[in-house]
Amino acid sequence: MFDIGFSELLVIAVVALVVLGPERLPKAARFAGLWVRRARNQWDSVKQELERELQAEEIKRQMQDVRQGMQDTENQLRASGEAIRREAQEAQQQGDTLAQEVRAPAPADLPPHMSGLTRADAPVQEGVAPEPTPATPPEAGAPPPPRTERQP
């Protein structure tokens, strides 16, 4: 710090011996040592306090980073949850659309057994009694059973 060599210290010691004399020199050296020790202790306490403050600031910064990371993760989770919710709603809408297409009434010109409806679901015409539903459904390649219509 001060770039003082051994020769300079020797010159200072000789001057102090001449100025103070041999009787007061040991007392002055103890006094100077006491002040140097106090200055070092004060410097060390200031240094430790600064280090503690720097560590506290570092901990605060780390906490802020962790909080920011948690908020980012929470936002990502919310976004992915909303995306999943949207996809589920779209899938449900597609399912509802498919269900409506399956339940759609058959065209009027097709007999009920050729549409997706059962005989019980077929529309009832005025004055015509509904035909009984067979116990077993007709096979896929079998011709439809004959339909007899009653006229009033």
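A short reminder: the numbers here are calculations on the coordinates, not readings from a lab. Keep in mind that this is a model prediction, so the values were computed, not measured. Every residue, glycine as well, gets a Cβ built from its backbone with ideal geometry; the counts of neighbours run over all protein chains shown.
Listed values for the range 85-91 are Karplus-derived 3J(HN,Hα) couplings in whole Hz (6.51 cos²θ - 1.76 cosθ + 1.60, θ = phi - 60°), namely 4, 5, 5, 5, 5, 5, 5, and x replaces Gly and Pro. Taking 17 Å as the cut-off, the amide N atoms of the range 70-88 that come nearer than this to a point 7 Å along the Cα-to-beta-carbon line of D96 belong to 85-88.
Around the Cα centre of the range 15-60, unit charges on the Cβ atoms of Lys, Arg, Asp and Glu (plus for the first two, minus for the last two) sum to a dipole of about 400 debye. With a simple spin-label model that places each label point 7 Å from the Cα along the Cα-to-Cβ direction, the separation between R52 and R78 comes to 4.0 nm.
Calculate, in nm to one decimal, what M63 and A13 gain on full extension: separation in residues at 0.36 nm each, minus their alpha carbon distance.
Residue separation times 0.36 nm, minus the Cα-Cα distance, leaves 12.5 nm.
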